[in-house]
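This structure is in structure tokens; I'll ask about it shortly.
The values are calculated or read from the model by the stated rules, or taken from the named source; none is laboratory data. Note that the structure is predicted; figures quoted are calculated from it, not measured. Note that we place each Cβ from the backbone using ideal geometry, even for glycine, and neighbour counts take in every protein chain shown. Ligands, DNA and RNA are excluded from the accessible area calculation, which covers all protein heavy atoms including side chains. Shrake-Rupley method; radii C 1.70, N 1.55, O 1.52, S 1.80 Å.
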Amino acid sequence: MSNNEEVTSVTNGASNGHTQSKELSAVTIRFAGDSGDGMQLTGSQFTNTTAIFGNDVGTLPDFPAEIRAPVGTTYGVSGFQLQFSSNDIFTPGDEVDVLVAMNPAALKVNIKDLKKGGVVIVNSDSFDNKGLQLAGYTVNPLEDETLDDYEVHSIPITKTTLEVLKELHLSQKAAVKCKNFFALGLMYWLYERSMEGTLNWIDSKFSKDPLIAEANKRALRAGYNFGETSEIFSARYQVRAAKLPSGTYRSISGNEALALGLVSASVKSGLKLLLATYPITPASDILHYLSKYKNFGIITFQAEDEIASVTAAIGASFAGGLGVTSTSGPGVALKTEAIGLAVMTELPLLIINVQRGGPSTGLPTKTEQADLMQAIYGRNGECPVAVIAPATPSDCFYMAYEAVRIATQFMTPVMYLSDGFLANGSEPWKVITSDSLPELKVNFRTETEGFFPYLRDENLARPWAVPGTPGLEHRIGGLEKQNITGNVNYDPDNHEAMVKIRAQKIKNIQNIIPKLEVHGEQEGELLVLGWGSTYGPIVAACENTKAKGKKVSYAHLRYLNPMPANIGEVVRKFKKVLIPEMNLGQLSKIIRAEFLVDAISMNKVQGLPFKAKEIEQKITEILG
């Protein structure tokens, strides 16, 4: 049942008197179906329930790129994978233990990831001639040897759901939509989870449509009761709560954590926050989340395009607010000129890039890390900005807060590099209080005496003077400025001096960011160096390898421009440096160029995150 070791067989005679109850340390489940089957909702509800139970959880939502691909085809398959455990985990799981396939296409797309001996639960009602043809099957896989290596449970989920709901006299279409709750109820029974949280969620979500609420609740209970009474499963499974530090936890996605981090930074700094954005996958959720916090003074603005959104955000910062704009790689390309304007005007600005597969429209719903070079170098002229990257979904909160600290302290744009894996993935997050966050002190210039708009402080940051402040009138714009006075200036020496000042200002950020921390031996044979969402697979791979007696260390970069001050010292202490990236080696190129280290590049550009076992195999190959 699990790719993790089964711990104990607990009891005979569970609730129905015939089914064993077994204890596992971890389980990986994937819900898969057509994009209209509610698989994301099903996975999210199971995630929330198991997080409330106290398990550690990692998730991987996987959306089709098309808004509505042809029903029943492999192009329209939507999946949601989660791993939950009684121990600390760092990934959504490598191999799937249980696959819930709502139609033949979902089975065909996902069966390759199911471990041998794993469980397949299929909706047998969808395996008719039409469904098989749409999925490209010439023979019904439920009737040949295709699934011989697996434990298959063929269940008439659609028909059973319709039978349960017939007294409600719903339309056929509305009743069929409830079948995902039947599947969810069955999984709750199989893993001994309470339905209470989901029942409450249904009441809240469908409060204006009590008939639909009742239908979904009946389908959920029917799935649970089917597991209880059908006796087709030989066992139920327990995954005990993880031993996490005490506190209040909630499940949180990367985009939601980012939004909360921005709200917290706005409140702590006293700055009004404007998110000016243009919708784009996978960044659109940020607008949705932030729009809920008007009570904290958050202003959200959906502009007519990417250029309008970033320039509106710059305007907000010029006016003394906190300007934020969110997008993905193609949107950053369109914002590029305006980012240069923010560099020249030396105003704080947050540019959130939730990376996806590119170039151009590319793989809109898939993850990638191929915008690192774009973030650091992708503008005309010498145009440095700070670049940071969260490592986990919950880290998105802290790095958003950190982005505001850097932007306001150094009067600079900050590029925040998340990606689709982090943005949509979830994990438990220990809720914190405002008091536990560091202060964010912002000093607006108010003294008129000695004021010059490009006077520098110890960080080389210029003063932030709000327009309309008497005596502090000044001019900004894209033209080069004279150092200190801020007057438009074309003098060659002044331009070179200003270019160097802007570069040194970004370099000075090293003075306030933490040094790079190495986990494991501080020097030796192999260091695995990562950034962004590769954190989880790298940690899991290194810990697995160390448990087998191999000597490997790892470090993770959350600050990419500038990098921590000790990065050169760290990488030179190891004979070999392995850098796994979801691109063709962008960080590897930078590390080689900056520190003359022969970094080993490990690349994956499939729109999917690394699996821990892929990195583990590479480590073993290097160490022998």
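Let me spell it out: the conditions are (1) farther than 14 Å from Ala389 by Cβ; (2) in contact with a Phe, Trp or Tyr (Cβ under 7 Å, 6 or more places away or on another chain); (3) open to solvent by 10 Å² or more (accessible area, probe 1.4 Å), and Glu521 meets all of them except one. Which number is the exception?
Checking Glu521 against (1) farther than 14 Å from Ala389 by Cβ; (2) in contact with a Phe, Trp or Tyr (Cβ under 7 Å, 6 or more places away or on another chain); (3) open to solvent by 10 Å² or more (accessible area, probe 1.4 Å), the one that fails is (2).
Shifting gears a bit: State whether one or more residues within segment 194-208 are in contact with an Asp or Glu (Cβ under 9 Å, 6 or more places away or on another chain), outside any helix (DSSP H, G or I) and at pLDDT 95 or above.
yes
If I ask for residues that are open to solvent by 30 Å² or more (accessible area, probe 1.4 Å), assigned to a helix (DSSP H, G or I) and of a type outside the set (A, V, I, L, M), which ones from segment 587-607 would you list?
Scanning segment 587-607 gives Lys589, Arg592, Glu594, Phe595.
Give me the pairs, please: first residue somewhere in segment 210-222 and under 14 Å from Met195 (Cβ atoms), second residue anywhere and open to solvent by 20 Å² or more (accessible area, probe 1.4 Å) and among the polar types (S, T, N, Q), beta-carbon distance under 7 Å, and either six or more positions apart or on two chains.
Correct list of pairs: Ala222/Thr160.
Right, something else. Can you pull out the strands (runs of 3 or more DSSP E) entirely within segment 85-169 that have at least 2 residues that are among the basic types (Lys, Arg)?
Working: elements: 96-101, 114-123, 151-155.
So the answer is 114-123.
Also, quick follow-up: Go through segment 413-436 and give me each residue that's assigned to a loop (DSSP other than H, G, I, E, B) and open to solvent by less than 20 Å² (accessible area, probe 1.4 Å). So that I can check it myself, show each step before the final result.
Residues of segment 413-436 assigned to a loop (DSSP other than H, G, I, E, B): 425, 431-433.
Answer for segment 413-436, where residues must be assigned to a loop (DSSP other than H, G, I, E, B) and open to solvent by less than 20 Å² (accessible area, probe 1.4 Å): just Gly425.
Out of Gly450, Gly478, Gly520, report the one residue that is closer than 18 Å to Ser317 by Cα and at pLDDT 95 or above.
Numbers: Gly450 fails: closer than 18 Å to Ser317 by Cα; Gly520 fails: closer than 18 Å to Ser317 by Cα.
Checking each option against the conditions leaves just Gly478.
Listed residues Thr408, Thr412; which is of a type in the set (Ser, Thr, Tyr), touching a residue at least 12 places away in the same chain (Cβ under 8 Å) and in contact with a Ser or Thr (Cβ under 7 Å, 6 or more places away or on another chain)?
Working: Thr412 fails: in contact with a Ser or Thr (Cβ under 7 Å, 6 or more places away or on another chain).
Being of a type in the set (Ser, Thr, Tyr), touching a residue at least 12 places away in the same chain (Cβ under 8 Å) and in contact with a Ser or Thr (Cβ under 7 Å, 6 or more places away or on another chain) holds for just one of Thr408, Thr412, which is Thr408.
Now for a different question. In segment 559-586, which residues are within 25 Å of Glu614 (Cα to Cα), open to solvent by less than 10 Å² (accessible area, probe 1.4 Å) and outside any strand (DSSP E or B)?
Across segment 559-586, the qualifying residues are Val571, Met582, Asn583, Gly585.
For Pro384, which of the numbered conditions (1) in a loop (DSSP other than H, G, I, E, B); (2) open to solvent by 30 Å² or more (accessible area, probe 1.4 Å) fails to hold?
With (1) in a loop (DSSP other than H, G, I, E, B); (2) open to solvent by 30 Å² or more (accessible area, probe 1.4 Å) applied to Pro384, the lone miss is (2).
Is there a residue being assigned to a helix (DSSP H, G or I), at pLDDT 95 or above and closer than 30 Å to Ser85 by Cβ anywhere in segment 294-303? Let's see the steps before the verdict.
Looking only at segment 294-303, we keep the residues that are assigned to a helix (DSSP H, G or I), and these are 294-296.
The next check asks that each one be at pLDDT 95 or above; those that pass are 294-296.
Next, from what is left, pick out any that are closer than 30 Å to Ser85 by Cβ: none.
Within segment 294-303, not a single residue is assigned to a helix (DSSP H, G or I), at pLDDT 95 or above and closer than 30 Å to Ser85 by Cβ.
Then there is this: Any chance you could count how many residues in segment 310-346 are in a helix (DSSP H, G or I), closer than 24 Å to Lys441 by Cβ and either at pLDDT below 95 or open to solvent by less than 30 Å² (accessible area, probe 1.4 Å) (or both)?
7
Hey, another quick one. Could you identify the single residue in Pro70, Pro61 that is in contact (Cβ under 8 Å) with a residue 60 or more places away in the chain, buried (at least 24 other Cβ atoms within 10 Å of the Cβ) and outside any helix (DSSP H, G or I)? Spell out how you get there, then give the answer.
Numbers: Pro70 fails: buried (at least 24 other Cβ atoms within 10 Å of the Cβ).
Step by step, each of Pro70, Pro61 is checked, and only Pro61 is in contact (Cβ under 8 Å) with a residue 60 or more places away in the chain, buried (at least 24 other Cβ atoms within 10 Å of the Cβ) and outside any helix (DSSP H, G or I).
Whether any residue in segment 33-48 is at pLDDT 90 or above, buried (at least 24 other Cβ atoms within 10 Å of the Cβ) and within 18 Å of Asp88 (Cβ to Cβ) is what I want to check.
Taking every residue of segment 33-48 in turn, at least one turns out to be at pLDDT 90 or above, buried (at least 24 other Cβ atoms within 10 Å of the Cβ) and within 18 Å of Asp88 (Cβ to Cβ).
Against the condition in contact (Cβ under 8 Å) with a residue 24 or more places away in the chain and on the phi > 0 side of the Ramachandran plot, how does Gly478 come out, does it pass? Walk me through it before giving the result.
Details: in contact (Cβ under 8 Å) with a residue 24 or more places away in the chain: yes; on the phi > 0 side of the Ramachandran plot: no.
When the stated conditions are applied, Gly478 does not pass them.
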